[in-house]
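First up is the structure itself, then whatever we jot down about it.
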Amino acid sequence: MEHSVKSQGLTPSIFDYFFILRPLILIPCWNFLLIGSYLAQGKGGFTVEIILGLIIYTFIMGGVYILNQIMDIETDRINKKLFLLSEGYIPVKYAYIEMVVLWILAILLSLKFSVIFLIFIGISLVIGVFYSLPPIKLKGKPILDTVSNGIGYGVINFSIGWLLFRSFEWSMFYRFLPYFLSISAVFINTTIVDIEGDRRAKEFTTAIFLGENIAYIISAILMIGAIIVAFALKDFICLIPAAVSLPLFIYVAVYSFVKNRVHRKLTIASFRLPGLLFTLITALLYPLYFLCLIVVLIGMRIYYKKRFGLSYPTLAGG
């Protein structure tokens, strides 16, 4: 998200401390937790456990996204995006305080559930911290950036939703395999469109390591794998987004080889389409969730328009 506003003369807003959590990219976290709960129960519908689980995971991932912005302040300032921290709307020390408070609250609330649930919450937190924080900084290490996203969103996220209602089972990991594969495929394509910016920021991502052509092939293969496993498991929740998105993954791969360049718009569409489909499917499984999403999106539009004069989020997802 780019902007042209400046922080000069603006007084602090309590809403800044909510929107720094980046609710737009929290939506996939909510989706996958809800799907994990659905797979565990065999039915949808909000319960006290699900609401509490969503609050806990929002606190965990919201804190992770704050840490990511703290670590990326300079690059965000250069790229004119995610400007709540990079342009001083929120002091960095207050962002750190918010991050720590959110994590403490999440851990305390997790004590209501099983020890294994708390362990998975801890794993999610550790992956999130290691993803952004030097010297490990998984987001700047090829293959590991993809694997950590696939595990974080496609396994741990689902497991937390599952553990709200069922005990730990090793079969969970097989059950969530198609999600791991599809999310990994999606992530690789996000690194392809970010190659130039990542090179300037001296990040070494999967796409930079593999090159565009090979990266496209790997992402398409992973998506095919997701379709095969989802079909074998009769998991239509994953099968539909993966199968509908696959033609785009194949097309951008072929285009890259033939034209020897990235088709940026279709590559962006390739990794946004699965997320949109997962969101629509989740809303079908949990009808009240659709209303919650509408409230969040309208709230974001009002906040960014009144606070900064920006139209965000846009229909294109920018």
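No value in this document is a laboratory result; all are computed from the given coordinates. Keep in mind that what you see is a predicted model, and the values were worked out from it rather than measured. So basically every Cβ, Gly included, is an ideal-geometry build from the backbone, and we count neighbours across all protein chains shown.
Annotations
- [x] 22.4; [y] 20.2; [z] 18.9, with the label sought being that of the calculated Kirkwood radius over Cα pairs in Å: [y]
- Partner aspartates and glutamates for Lys259 [C-alpha distance under 20 Å; skip if fewer than 8 residues away on the same chain]: Asp194, Glu196, Glu212
- Of Ala230, Ala243, Ala201, the residue with the greatest mean-square motion in the GNM of the chain, using alpha carbon springs below 10 Å, is Ala201.
- Across Lys112/Lys141; Lys43/Lys306; Lys137/Lys234; Lys265/Lys305; Lys112/Lys234, pairs whose alpha-carbon gap is larger than 29 Å: Lys112/Lys141; Lys43/Lys306; Lys137/Lys234; Lys112/Lys234
- Scalar couplings 3J(HN,Hα) for segment 293-302, obtained by applying the Karplus form with A = 6.51, B = -1.76, C = 1.60 to θ = phi - 60°, are 5, 4, 4, 4, 5, 5, x, 5, 4, 5 Hz; x denotes Gly and Pro.
- 3J(HN,Hα) along segment 188-193, derived from phi through the Karplus expression 6.51 cos²θ - 1.76 cosθ + 1.60 where θ = phi - 60°, amounts to 4, 5, 5, 6, 5, 6 Hz, with x in place of Gly and Pro.
- Segment 176-285: translational diffusion in µm²/s, Stokes-Einstein, Kirkwood Rh over Cα pairs, 20 °C, 1.002 mPa s: 153 µm²/s
- Calculated diffusion of segment 13-169, Stokes-Einstein form, Kirkwood radius summed over Cα pairs, 10 °C and 1.306 mPa s, µm²/s: 99 µm²/s
- Here the Karplus relation 6.51 cos²θ - 1.76 cosθ + 1.60, evaluated at θ = phi - 60°, turns the backbone of segment 165-180 into coupling constants of 10, 10, 6, 4, 9, 4, 5, 3, 5, 5, 4, 9, 4, x, 6, 4 Hz, with x for every Gly and Pro.
- Radius 15 Å from Cβ of Tyr57, net charge of other residues (Lys, Arg +1; Asp, Glu -1): +1
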